[in-house]
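A short worksheet on the structure shown next.
Coordinate-derived values only; no laboratory data. Owing to the predicted nature of the structure, the values given are computational and were not obtained by experimental measurement. Reconstructed Cβ throughout: ideal geometry from the backbone, glycine too, with neighbour counts over all protein chains shown.
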């Protein structure tokens, strides 16, 4: 079922339910001391982004456009949520992959995702970056904003005492990684 069909049929995840679900995963992961044994991408990527200022996910990158989609016929698109003529970048046999990525990051849909007013003063902007532009409602607000805030606030709490740089990462690793501490 496509995302659009799911919305039309009333199947949608609320921000609150998403946030509660992810916080539940986080708390269970901590309780079981699964760090280093079980990889939870949402947690691991947010922690890495806290220290490196770089996201491994297009959803939480400062700008969209570097995670292209190629259809079986070779057509390239800027995003898996935006497979339409407006976001078509051409075919892979018509250009280099680097040229397609350059064209994609120039598209307006992903350039201003974290510039929305509500993002500017948000305490989790450094890892949220406004979320995915495809998740914006008619008013221009991210439908998962409250859930992102709840989840990121919870998982970032153990990192806040550490500086957001390589020295902070080293200090955090020395304090928590490889210990029984449930950061």
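Observations on the model:
- Residue-averaged [θ]222 nm for the chain, counting only DSSP H segments that reach four residues, each worth -39500 (n - 2.57): -12000 deg cm²/dmol
- Length added when fully stretched, residue 25-residue 52, from 0.36 nm per residue minus Cα-Cα: 7.4 nm
- Acute angle (nearest 10 degrees) that the helix 15-31 long axis makes with the longest principal axis of the chain, alpha-carbon atoms: 40
- Pairs of Cα atoms nearer than 8 Å and 6+ residues apart set the relative contact order; for the chain it is 27 percent.
- Compared with the dominant Cα axis of the chain, that is its longest principal axis, helix 145-156 is turned about 40°.
- Using a simple spin-label model with pseudo-atoms 7 Å out from Cα toward Cβ, residue 13 and residue 92 lie 2.8 nm apart.
- Cα long-axis angle, helix 41-52 against the chain (0 to 90 degrees, to the nearest 10): 80
- Gyration tensor (alpha-carbon) shape descriptor, segment 5-75, a/c threshold 1.5: oblate
- Shape class of segment 102-183 from the Cα gyration tensor (axes a ≥ b ≥ c, square roots of the eigenvalues): prolate, since a/c reaches 1.5 or more and a/b is larger than b/c.
- Among 97-110, 124-137, sorting by the average number of other beta carbon atoms lying within 10 angstrom of each residue, highest first, gives 124-137, 97-110.
- Pairwise FRET efficiency - residue 111 versus residue 153, Cβ, R0 = 22 Å, nearest 0.05: 0.25
- Burial ordering of 30, 160, fewest other beta-carbon atoms within 10 Å first: 160, 30
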